[in-house]
Amino acid sequence: MPNFGTAVLGNGSLKPTTVSFTAFDPNAPAQYVQQWNTQLEKSFSGNTSLAVGYLGARGFHLQRAHLINNAPPGPGPIGPRRPFPTISFVNGTVLTPSSDPGAIIQSQTLPVSTINRLEDTAQSWYDAAYVNVRRRYSHGLSFLANYTFAKTLTNAPDFRSAMDESAIPQNNNDLAAEKGPGCDVRHRFALSSVFDIPAYASYTWTRMITEHWHFSTIYQAQSGMPLTISVFGDTANSGTVLGENPIRANVTGQPVFGAGTRTANEWFNPAAFSTPAAYTFGDVGRNSVYGPPMQTLDFALARTFRLTETASFQFRGEAFNALNKVNFGTPNRYVNTPQFGTITMAMTPGREIQLSARLSF
């Protein structure tokens, strides 16, 4: 186990322990989401229907991380430049050692570094238009196809983001600059279907071989998710949370996507971005570059054999990512690293084939 030294609380003859903490707004308003939608639907031949609709949502008073004690960009030690270099316990607080050997208490004023205030001040916007085509089971076939065109915006970085972005703002004095795409998938198409393959009944033996086969598919295709072009490390020297790198790159004016891009070796043009000067923030927008799209096709072929009135045997063959499509992962987004703009991982595994059998009784 780590062997930490004895904590020294408060200013005195000994070097005090610098503390950091997370705070909550005790008067934070309740978070809520408003949703609305409208849809037109048309039926065809009693089995197939077409639906066209719109879905909207707005999130209010959503939680965001606000590092209220970050220092402005600049050279030199960060501590003296913080808005609150020290904090004090409220009057009447009684401090007692928490464990043996306990803490050395010198005073009730302590040096402080990061203060992460979780406040309910963020907002989100979602708008989507969609088209659904549905066929209820008839003559051995059923399917559901959906296409969605959507746009998602937020004015705060996302906690547990799918885009691997920092969960804290770049400049805590300019939270308005955080507005940008959220988990924004602009285009998405999905198709699922089940088809009972007709038996070839010309002869008894052909019917025995071809009857009771079922074929099902799931196909998905979507555009890429956004990412933020960032700087590795606190080049602004303003103070960050451990493991977070919120400093963004600068825009150079060159095209982001040009000839030779959208590949694993160069997903976007690295020359479109640059490292900001020391002790400054970057000007690239949050989540302003979109990563690779995704496409997968899974299918299954199964046959059921009736053994008795209450028992059956099923053979099933399945293929996942049947097209063996290479779906690229998120490109390296740190402008000051050698791998900037390259992709070194896949979002989905390669083709997988699985054979299985099941006895039911």
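Selection of the range 325-361 for residues being out of contact with any Ser or Thr (no Cβ under 7 Å at 6 or more places or on another chain) and more than 17 Å from THR263 (Cα to Cα) yields THR337, PRO349, GLY350, ARG351, GLU352, ILE353, GLN354, LEU355, SER356, ALA357, ARG358, LEU359.
Please specify each residue of the range 135-156 satisfying the condition of being among the aliphatic types (A, V, I, L, M), open to solvent by 30 Å² or more (accessible area, probe 1.4 Å) and farther than 16 Å from HIS212 by Cα.
Answer for the range 135-156, where residues must be among the aliphatic types (A, V, I, L, M), open to solvent by 30 Å² or more (accessible area, probe 1.4 Å) and farther than 16 Å from HIS212 by Cα: LEU144, LEU153.
What residue, among those in the range 8-33 that are open to solvent by 50 Å² or more (accessible area, probe 1.4 Å) and among the β-branched types (Val, Ile, Thr), is nearest to ILE104 (Cα to Cα)? Per the criteria, the residue is THR17. Take the range 216-241 and flag every residue that is of a type in the set (A, V, I, L, M, F, W, C) and either crowded, with 23+ Cβ neighbours inside 10 Å or outside any loop (DSSP other than H, G, I, E, B) (or both). Passing the criteria: ILE218, ALA221, MET225, LEU227, ILE229, VAL231, ALA236.
Looking at GLY285, is it small (Gly, Ala, Ser) and assigned to a loop (DSSP other than H, G, I, E, B)? When the stated conditions are applied, GLY285 passes them.
Residues are listed down the side, and each one gets a yes or a no for (1) buried (at least 16 other Cβ atoms within 10 Å of the Cβ); (2) under 27 Å from the mean Cα position of the chain (by Cα); (3) over 30 Å from ALA145 (Cβ atoms):
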site	(1), (2), (3)
PRO246	yes, yes, yes
ASN250	yes, yes, yes
PRO255	no, yes, yes
GLY258	no, yes, yes
ASN269	yes, yes, yes
LEU297	yes, yes, no
ALA300	yes, no, no
ARG306	no, no, yes
THR310	no, no, yes
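Please tell me if VAL251 is β-branched (Val, Ile, Thr), in contact (Cβ under 8 Å) with a residue 12 or more places away in the chain, touching a strand residue (DSSP E or B) at 6+ places or on another chain (Cβ under 8 Å) and under 28 Å from SER124 (Cβ atoms). Yes: the conditions hold for VAL251. Of the set (1) open to solvent by 40 Å² or more (accessible area, probe 1.4 Å); (2) of a type in the set (A, V, I, L, M, F, W, C); (3) at pLDDT 90 or above, all apply to PHE340 but (1). Inspect all residues belonging to the range 119-128 and state whether any of them is part of a strand (DSSP E or B), farther than 18 Å from VAL33 by Cβ and of a type in the set (Val, Ile, Thr). No, the range 119-128 contains no residue that is part of a strand (DSSP E or B), farther than 18 Å from VAL33 by Cβ and of a type in the set (Val, Ile, Thr).
The values are calculated or read from the model by the stated rules, or taken from the named source; none is laboratory data. Keep in mind that this is a model prediction, so the values were computed, not measured. Virtual Cβ from ideal backbone geometry, glycine too; neighbours counted across all protein chains shown. To get the accessible areas, we keep the full protein, side chains included, count just its heavy atoms, and leave off ligands, DNA and RNA. Shrake-Rupley method; radii C 1.70, N 1.55, O 1.52, S 1.80 Å.
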